[in-house]
Amino acid sequence: EVDAIVHVVRCFEDPNVIHVDGSVNPLRDIETINLELIFSDMEVLERRIAKTTKSAMGNKSLAKELETLKKLYAHLENGNLAKSFEPEDEDELTFINTLDLLTWKPVIFAANVSEDDLADDGASNAGVQAVREYAAKEESEVFVVCAEIEAEISELDDDEKKMFLEDLGLTESGLEKLIKASYKLLGLISYLTAGEPEVRAWTITEGTKAPQAAGKIHSDFERGFIRAEVVSYDDLIACGSHAAAKEKGLIRLEGKEYVVKDGDIMLFRFNV
């Protein structure tokens, strides 16, 4: 499974909250953390290189791995993140994926702002804009959050939370923003199954076809897949009921080549 690093970056001024470096500079903070992660990855590679060197003599596969490890180490030593390293081929890419290096992982930046900067999603905050520009170059995601507000709403029930956010002119919490950013960065979508006793969301990779999506529920569903009844969440909500959506022809029968879309509500037919 693919995972990501969430990097919280301070983008607010507050004389009562002293910054360890004496001033607020989100890009400097990002660089500081990047260096720490690089050093951590270098330690991992040093240990792996020492271990592989002992066994690589006369073993072509391990010799190739050792070569990759040394190239990666040199790349990091020059101050680069592992994710900017370009593998020679699929085999090298697959091997690097097994190393679990921190700087190889995709990153989501949480721009921590004051309450005043939440309403316009940090558009007027120079620090947030700097982080967004940096993230765009790094193919990373950014979302704006106020940690102080998140701490407050974490103590509320759902109804109170909704009212609190509405009073601030917000439609979603920082946690919801994080989930959306994570899905986007990792190329994930969700489809739904509805019935007794619950409605449930299943997370899949974007581009997954119906049989493989069914396999997330149970391997029998994929092995014996026949077809899927599909209706989009928006269509179902607009119609008000499954029967009304069916009357309007919004419930479709899809086969093995159907690529599941985010928000699809699916009923699988299978036979094993």
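So here's what we get for this one:
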read-out: All helices (runs of 4 or more DSSP H) inside the range 117-217 with 2 or more residues being closer than 30 Å to Phe268 by Cα and free of Cβ contacts under 8 Å to residues at least 12 places away in the same chain; value: 174-186, 210-215
read-out: Filtered residues of the range 218-235 (kept if open to solvent by 60 Å² or more (accessible area, probe 1.4 Å) and assigned to a strand (DSSP E or B)); value: Ile226, Arg227
read-out: Residue ID - modelled with the lowest pLDDT, chosen from residues in the range 150-179 that are under 18 Å from Asp120 (Cβ atoms) and open to solvent by 90 Å² or more (accessible area, probe 1.4 Å); value: Thr171
read-out: Residue in the range 87-102 that is in contact with a strand residue (DSSP E or B) (Cβ under 7 Å, 6 or more places away or on another chain) and closer than 20 Å to Ile33 by Cα present; value: yes
read-out: Set Leu45, Leu72, Leu35: member being of a type in the set (A, V, I, L, M), more than 23 Å from Glu90 (Cα to Cα) and modelled with pLDDT of 95 or more; value: Leu35
read-out: Hits in the range 65-111 - residues which are of a type in the set (D, E, K, R) and closer than 19 Å to Glu46 by Cβ; value: Glu65, Glu67, Lys70, Lys71, Glu77, Asp100
read-out: For Ala238: the one exception among (1) under 30 Å from Asp158 (Cα atoms); (2) surrounded by 13 or more Cβ atoms within 10 Å (Cβ to Cβ); (3) of a type in the set (A, V, I, L, M); value: (2)
read-out: Total residues in the range 244-260, condition out of contact with any strand residue (DSSP E or B) (no Cβ under 7 Å at 6 or more places or on another chain) and either open to solvent by 80 Å² or more (accessible area, probe 1.4 Å) or not in a helix (DSSP H, G or I) (or both); value: 4
read-out: Looking only at the range 81-116, and only at residues there that are in a loop (DSSP other than H, G, I, E, B) and within 19 Å of Lys177 (Cα to Cα), the one that is least open to solvent (accessible area, probe 1.4 Å); value: Val113
read-out: Residue list for the range 235-272, filter: touching a Phe, Trp or Tyr at 6+ places or on another chain (Cβ under 8 Å) and farther than 16 Å from Thr193 by Cα; value: Lys256
read-out: Top-ranked residue of the range 38-63 - restricted to ones that are outside any loop (DSSP other than H, G, I, E, B) and open to solvent by less than 40 Å² (accessible area, probe 1.4 Å), ranked as nearest to Leu81 (Cα to Cα); value: Ile38
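The values are calculated or read from the model by the stated rules, or taken from the named source; none is laboratory data. Just so it is clear, the model here is predicted, and its values are computed rather than measured. A quick note on method: Cβ atoms are made from the backbone with ideal geometry, for glycine too, and the neighbour counts reach across all protein chains shown. Note: areas computed on protein heavy atoms with side chains; ligands, DNA, RNA excluded. Shrake-Rupley method; radii C 1.70, N 1.55, O 1.52, S 1.80 Å.
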